[in-house]
């Protein structure tokens, strides 16, 4: 048998060798696998399995309806159902997002002067909405009154200023149609100022030092009015300041800063729930309106790194970042216009949920096998031609063997 095979030409011995057949089979399997992989890369999956819809709403608890504040940079927090995330809307626009963590959420925002309508909405991981909670209105009093930081924590309730004048017991203070009252109370006390003759009220909360201020957003009628100030401390004590009298005249200027000629500085973005593996790139499209150009953009990614950008226009731009470690991150964008400071910056918080790769090394999606997919149109015909050539040699060998056997017989 060995002598018979060695008498064949070299090309036939190579073509009929078992190793040649094995190599052809392996190459065939490799090409078929690459073809199926290339087909799978073009497949788009549109099916979705919806998660359980939230049965209870997200509720804002850090502010009450009609509350006033002199802080432009505030944190809106509240309660939410588990396995949800919460979007915050400010005057109908998306203002930030946070994951519900242990039944609560927290989102920093920048208030605009005057009324700010705030509403929290919870969603599941497939972006299905839960029940809606009532919206609340928070007023940002953009006043020129300087916050007081007393030398010791106040234990009682006092009134310091009435509009631009220092409060004096027994005197009638002349104020404008939208007066501002300020004073001291135990920290985080809830303050209610009531104009008893109308009646109208103003609600606010003392800060951590005990200072409070509240500007009436409803116009007061001209004439004499009696004022009542009541504070409720965090431990439930009710403090009352002696009732006093004010005289409202329309010609008296108040302490509210004049309205700006430009629209409020605002950051625009959108959010839908998504996750990425560590090392993968996150991208968000960001827009800026209002204020005065140029803008200074600072992005705190939440992993200890910060990026800075300068923008000379309001065109939409993309921010990108890759997180090295798994976890839940809250990238926060702060924008300052040419006339602003860090205290007047627009703020927007986003959400990035990064999953672990289970210890597998992070590599590029391009592999040596993927490089041949662009040449499959050439590889397949060449491979089929080689297979047909080997098959023809094999058939020719069988035919010669058959003729030799017939001659012997």
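Per-structure values
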quantity	calculated
The lone exception for residue 83 - which of (1) touching a strand residue (DSSP E or B) at 6+ places or on another chain (Cβ under 6 Å); (2) free of Cβ contacts under 8 Å to residues at least 60 places away in the same chain it fails	(1)
Count of residues meeting criterion [surrounded by fewer than 18 Cβ atoms within 10 Å (Cβ to Cβ) and closer than 14 Å to residue 288 by Cα] in the stretch 319-340	1
Yes/no for residue 180 being outside the structural domain of residue 82 (by TED's automatic domain parsing) and under 28 Å from residue 264 (Cα atoms)	yes
Residues of the stretch 238-280 satisfying the condition of being surrounded by fewer than 12 Cβ atoms within 10 Å (Cβ to Cβ) and within 23 Å of residue 205 (Cα to Cα)	238, 240, 242, 243, 257
Residue under evaluation residue 125, criteria (1) in contact (Cβ under 8 Å) with a residue 60 or more places away in the chain; (2) buried (at least 18 other Cβ atoms within 10 Å of the Cβ); (3) assigned by TED's automatic domain parsing to the domain that holds residue 92, criterion not met	(2)
Pairs, first outside the structural domain of residue 268 (by TED's automatic domain parsing) in the stretch 336-348, second modelled with pLDDT of 85 or more and in a strand (DSSP E or B), C-beta under 6 Å, six or more apart	none
All strands (runs of 3 or more DSSP E) inside the stretch 152-265 with 2 or more residues being over 22 Å from residue 136 (Cβ atoms) and under 37 Å from the mean Cα position of the chain (by Cα)	180-184
Check on residue 227, modelled with pLDDT of 95 or more, out of contact with any helix residue (DSSP H, G or I) (no Cβ under 7 Å at 6 or more places or on another chain), outside the structural domain of residue 87 (by TED's automatic domain parsing) and surrounded by 15 or more Cβ atoms within 10 Å (Cβ to Cβ)	yes
Pick from the stretch 341-376, criterion in a loop (DSSP other than H, G, I, E, B) and crowded, with 16+ Cβ neighbours inside 10 Å, ranking: modelled with the lowest pLDDT	345
Residues being in a strand (DSSP E or B), surrounded by 14 or more Cβ atoms within 10 Å (Cβ to Cβ) and over 16 Å from the mean Cα position of the chain (by Cα) - total across the stretch 308-318	2
Any chance residue 120 is surrounded by 15 or more Cβ atoms within 10 Å (Cβ to Cβ) and in the same structural domain as residue 195 (by TED's automatic domain parsing)	no
Complete set of residues in the stretch 142-159 that are modelled with pLDDT of 95 or more and closer than 13 Å to residue 180 by Cα	159
Candidates 53, 27 - the one that is modelled with pLDDT under 95, touching a helix residue (DSSP H, G or I) at 6+ places or on another chain (Cβ under 8 Å) and outside the structural domain of residue 288 (by TED's automatic domain parsing)	27
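The values are calculated or read from the model by the stated rules, or taken from the named source; none is laboratory data. Everything quoted here is computed from the prediction, not taken from an experiment. Quick reminder, even Gly has a Cβ in these numbers, built from the backbone with ideal geometry, and neighbours come from all protein chains shown.
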